[in-house]
1. Among (1) of a type in the set (D, E, K, R); (2) within 17 Å of VAL61 (Cβ to Cβ); (3) under 18 Å from the mean Cα position of the chain (by Cα), there is one condition ASP322 misses while meeting the rest; what is its number?
2. Tell me, yes or no, whether segment 214-228 has at least one residue that is more than 22 Å from GLY366 (Cβ to Cβ) and crowded, with 24+ Cβ neighbours inside 10 Å.
3. Mind checking which residues of segment 229-250 are part of a helix (DSSP H, G or I), open to solvent by 20 Å² or more (accessible area, probe 1.4 Å) and at pLDDT below 95?
4. Among residues belonging to segment 251-283 that are assigned to a loop (DSSP other than H, G, I, E, B) and in contact (Cβ under 8 Å) with a residue 60 or more places away in the chain, point out the one that is surrounded by the most Cβ atoms within 10 Å (Cβ to Cβ).
5. If I filter segment 180-202 for residues that are hydroxyl-bearing (Ser, Thr, Tyr), at pLDDT 90 or above and open to solvent by 50 Å² or more (accessible area, probe 1.4 Å), do I get at least one hit?
6. Exactly one of these conditions fails for ARG131: (1) open to solvent by less than 20 Å² (accessible area, probe 1.4 Å); (2) within 17 Å of ARG178 (Cβ to Cβ). Give me its number.
7. Among what's in segment 81-115 and is without any contact (Cβ under 8 Å) to a residue 12 or more places away in the chain and open to solvent by 50 Å² or more (accessible area, probe 1.4 Å), pick the residue that is nearest to MET285 (Cα to Cα).
8. For segment 320-332, does any single residue satisfy the condition of being assigned to a loop (DSSP other than H, G, I, E, B) and closer than 23 Å to GLY256 by Cβ?
Amino acid sequence: MVFVGVLGTAAATDSLPGSGASREARPRPAAVTLDGGTVAKAAARAIARGDSGTDAAQQVVSRSGDRWSTVYDKDEYEEFEQALDGRYTGVGVGARRTADGLLEITRVQRGGPAQQAGVRPGDVLKSVNGRSVTGLPVTEVMGMLRGDSAGSRAAAPGSAVALGTERDGHRASRSVRRARLDAPSVSVSALPDGARRIAVESFTRGTGDDVRRAVRDAPRGAGIVLDLRGNGGGLVSEAVKAASAFLDGGLVATYGMNGRQHALYAEHGGDTERPVVVLVDGGTMSAAELLTGALQDRGRAVVVGSRTFGKGSIQMPTTLPDGSVAELTVGHYRTPAGRAVDGRGITPDLVVADGAQARAETVLTGLGAGA
C-alpha cells in the first residue's frame, strides 16, 4: 500500500510498511474508482490479442480520471525501487520557489554533475533545455532535470540537459550530463547555542534511523530545527520512524482503505523534552506532511513556514500479467487530530514566506532551547 510521492531529487514512494511506489502531483478527485482486478483483466485481454498489456492498463487508468493512479512497466518499476534506496539519475540539485516566484537552487550535491558544471546554491534556475521554468511547480522542474516525461522513467546516465541560470544579474547557460547518484536524505548542521538543524530531503530506506541518530547525537537539551522544506515524501514507514525520534509512542496517523480504518503508531523511547521547530513549505509533501501533522497535533513541535502541498491519498500496487505494476488510489490518511491533508495541506503555526529558517531559530530560542 502506497502514499504517492515524488521526491525533489528522485521519484520514490510514500509507502506503508511492505509496499510499493508511485508519484506526486496536485490533488484532483478521481472520476472513477478502479480496482486491481479490473485493470489486470484489461491487460490480460490485450495480451491475448497480442497487444501490450501495459498500454491497455494505462488506457484504463487514464480514462478513470484519477491522476494519482498510474502504470509502470518492469523497467520503470525497477528504477522506482532503486529510488527507494536513495539512488537516482539526475544532476544533483535541490530547489525551492521563493516568495517572488523565482526558482532558487538550494542544494548542490558535492561532486555531482551540477557542481562540476559550476552550479552553486543561490543560483536562480531560469530554464531547462530552453524551456522557461517560470511558474512551473518545483516537482515538474525536478522531473525535467531528471529527464522525466509524463508516465516515463528518468533519462539515461550521460544524457545532457541545458540549464539556464542567473546570479547577481549575470546569466549563464550550462550543459550538464546526468549521472547515477546516491543521495543522502539527512544532513545535520550546527546552530547557535548548541541547537541542530536536521534537514530531511526525502524518506528513503534508512532515513528514519538517520533522524533518530541525529537527535540522539545532539547535545543534551539542545533544540532541533527539523527542516522538511522541499521534501517530496517517500516511505511512510520511515516517516513513522522519524516521528519516533520525538514521541514516546502514540498515534502518528490513521488511514482508511476499503472501508476500514487503520492506525500508525510511533515507537516508544523518543526524546520528548527537547524543543522542536518544523520548517515546511509548498514542496513539503505526503510522508513529510504526515510527520509534520503528527508533531503538530501531538503538541510536540511548532511548525514554521508556508502551507504544505496537500497530498494524502493511498495507492495499492497490483502486478499485471506482463510484469508491469498498476498503482491505484484506494484511500486517504489523516493526522492524529483527524485532519484530512489531501488537497488541503497543513497550515503552519507561524506562517512565514522569506526568512523562514531565521524565524524558526528565533522560535526555537523562545522555546528555551540550548545546550
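1. The number of the failed condition is (3).
2. Restricting attention to segment 214-228, the residues satisfying the condition of being more than 22 Å from GLY366 (Cβ to Cβ) are 214, 216-217.
When the remaining residues are screened for being crowded, with 24+ Cβ neighbours inside 10 Å, the result is none.
No: zero hits.
3. Hit for segment 229-250 is SER237, nothing else.
4. GLY283
5. Residues of segment 180-202 that are hydroxyl-bearing (Ser, Thr, Tyr), as a first pass: 185, 187, 189, 202.
Those still in the list that are at pLDDT 90 or above too: 187, 189.
Restricting the remaining residues to those that are open to solvent by 50 Å² or more (accessible area, probe 1.4 Å) gives 187.
Within segment 180-202, one or more residues are hydroxyl-bearing (Ser, Thr, Tyr), at pLDDT 90 or above and open to solvent by 50 Å² or more (accessible area, probe 1.4 Å).
6. (1)
7. Of everything passing the filter in segment 81-115, ASP100 is nearest to MET285 (Cα to Cα).
8. For segment 320-332, residues assigned to a loop (DSSP other than H, G, I, E, B) and closer than 23 Å to GLY256 by Cβ: absent.
The values are calculated or read from the model by the stated rules, or taken from the named source; none is laboratory data. Note that the structure is predicted; figures quoted are calculated from it, not measured. All Cβ positions, even for glycine, are placed from backbone atoms using ideal geometry, and neighbour counts span all protein chains on display. SASA here: full protein model, heavy atoms, side chains in, ligands and nucleic acids out. Shrake-Rupley method; radii C 1.70, N 1.55, O 1.52, S 1.80 Å.
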